[in-house]
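Peer 1: One structure, pasted below without further comment.
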Amino acid sequence: MVVGIMVGSGIFRTPGGVASQLGRPGLTLFAWLLGGVVAFMGSVIFAELATRYPRAGGKYVYARETFGPRMGFVVGWVEAVVYIAAIAAIAVVCGEYLGRLVGAPDTAAQWLGVAVLVIFTAINLTGVASGRWVQNIATTLKIAGLVVVVIAAFARGSGIGWTSSLPSAPRGTALFGAMAVAFQAVVWSYYGYLDGGKIAEEVVDPSKSLPRIYLGGITLVTTLYLLLNAAYVHVLPLDQVAASKLVAADVMTALFGAAAGEVFVALSLLVVIASLNGNIFVTPRVLFGLAREGLGPAELAQVNKGGTPWAAMTWVGAAAMLLALTGTFDQLLSLTITLILIIDSIAVLSLVVARRRNPEAPFKTPLYPALPIVFVGVYAALFVGTAVAQPVVVIVSLGVMVVAYMVSFAYSSKDR
């Protein structure tokens, strides 16, 4: 389950961006390895939070229970913005891959992505079953397809990319900012680990089982990601990897011809569409939950005859379409991850407060308090690095936090 949650659309789109930022194969692999370590730390921290608040449903409850209703409002709505920006980013990726299949120019990616977004928002609004078989097939095919790429690359590749580097490869102090920006894509690709905490209450003897589950699952995912990135440079020059929006398909094209590459593009599109559909289904229910608890406009809690929170879904769809039209994938990714750095740090710090109030929990984070401190320290360093490399993104992110805080005065007193 942990592996299935983590391996999503991110790993198909992000490796080229990481290679472009870091410019050397060794640094690229180090970033992916570090991502696995951070994911493991986060998984066991959020597992304790999930067992402490089993009916929580989100980070906003962790923040509300420890820092008060106003902080709960801020975290809840900023997390909603994160989800909406993620939907927009995934829609842009859908447009990129669909455009590649139909031969559309790169400039059409955003419009194609919005078209896909409109279709799946409409499907979810009408309550039509969006195809569970697509989700199940995608989960199987995405793992199988990536494993095929790894095997084929090492069997037929020449190792051409291992000895190459980019002229723009960062050095000295510039490496700090480059690593922070590159790590945004790494965090995106690993981020599904957070949902793994939802199984915490259902595990027998969680204090012993959960660390093994997370360590095993995240080790498998990290190994897959490292093998994939090694496979890419085993077949393609690093500059070609860095310029690609779907490296795996380019590897298959280089090894077996254009037809094989197109088949992999189609597979990737299926996986990304499944991810988009899942996010469109879930995100309005986050807004629905906030509104139902008095943390947002009551209109967002309205549902139609099919049980769909139609008002929230309409709002999410419209906001995601606007973001998809006005931002590139990289811009949306930067905004999403920068906000995640902030609200996840708040959620992790809530564990410190919860431990002081009640040291006992069904599952307890190992190596406490060192693990939460290191986790927040890593996120703080990434935030500072992002501020150096992308100051506008940080300013916008802080602006979102400030706006949420100002609006909280109107709703936090209604929290129940």
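The values are calculated or read from the model by the stated rules, or taken from the named source; none is laboratory data. None of these values were measured; they are calculated from a predicted model. Ideal geometry is used to build each Cβ from the backbone, glycine not excepted, and the neighbour counts take in all protein chains shown. The accessibility values were calculated without ligands, DNA or RNA, using every heavy atom of the protein model including side chains. Shrake-Rupley method; radii C 1.70, N 1.55, O 1.52, S 1.80 Å.
Peer 1: Tell me, which residue of region 144-191 that is open to solvent by 10 Å² or more (accessible area, probe 1.4 Å) and among the hydroxyl-bearing types (Ser, Thr, Tyr) is farthest from Gly261 (Cα to Cα)?
Peer 2: My answer is Thr173.
Peer 1: In addition: Which of (1) more than 21 Å from the chain's Cα centre (by Cα); (2) outside any helix (DSSP H, G or I) is the odd one out, the single condition Lys245 does not satisfy?
Peer 2: The single condition Lys245 does not satisfy is (1).
Peer 1: Every residue in region 62-113 that is within 23 Å of the chain's Cα centre (by Cα), under 22 Å from Arg52 (Cβ atoms) and of a type in the set (Gly, Ala, Ser), please.
Peer 2: Within region 62-113, Ala63, Gly72, Gly76 qualify.
Peer 1: What residue, of Phe375, Phe383, is open to solvent by 40 Å² or more (accessible area, probe 1.4 Å) and assigned to a helix (DSSP H, G or I)?
Peer 2: None of the others qualify; the one that does is Phe383.
Peer 1: Tell me, yes or no, whether region 220-235 has at least one residue that is at pLDDT 80 or above and exposed (fewer than 15 other Cβ atoms within 10 Å of the Cβ).
Peer 2: Checking region 220-235: at least one residue is at pLDDT 80 or above and exposed (fewer than 15 other Cβ atoms within 10 Å of the Cβ).
Peer 1: Okay, moving on. So Arg355 clears everything in (1) under 23 Å from Phe46 (Cα atoms); (2) of a type in the set (D, E, K, R); (3) touching a residue at least 40 places away in the same chain (Cβ under 8 Å) except one condition, right? Which one?
Peer 2: With respect to (1) under 23 Å from Phe46 (Cα atoms); (2) of a type in the set (D, E, K, R); (3) touching a residue at least 40 places away in the same chain (Cβ under 8 Å), Arg355 is out only on (3).
Peer 1: Something else: Which condition number does Val204 fail, the rest of (1) crowded, with 24+ Cβ neighbours inside 10 Å; (2) assigned to a loop (DSSP other than H, G, I, E, B) being met?
Peer 2: (1)
Peer 1: Filter region 203-227 down to residues that are within 22 Å of Trp188 (Cβ to Cβ) and touching a helix residue (DSSP H, G or I) at 6+ places or on another chain (Cβ under 6 Å), then give me how many there are.
Peer 2: 9
Peer 1: Any idea how many residues of region 1-36 are within 23 Å of Val265 (Cα to Cα), open to solvent by 40 Å² or more (accessible area, probe 1.4 Å), of a type in the set (A, V, I, L, M, F, W, C) and touching a Ser or Thr at 6+ places or on another chain (Cβ under 9 Å)?
Peer 2: 0
Peer 1: Exactly one of (1) exposed (fewer than 14 other Cβ atoms within 10 Å of the Cβ); (2) assigned to a helix (DSSP H, G or I) is unmet by Ser397. Its number?
Peer 2: (1)
Peer 1: Here's something else I'd like to know. Enumerate the pairs (first residue in region 210-231 and in contact (Cβ under 8 Å) with a residue 40 or more places away in the chain and under 19 Å from Ile151 (Cβ atoms); second residue anywhere and buried (at least 20 other Cβ atoms within 10 Å of the Cβ) and aromatic (Phe, Trp, Tyr)) with beta-carbon separation below 6 Å, excluding pairs fewer than 6 apart on the same chain, so at least 6 apart or on different chains.
Peer 2: Cβ pairs passing all conditions: Tyr225/Trp32; Leu226/Trp32; Asn229/Trp32.
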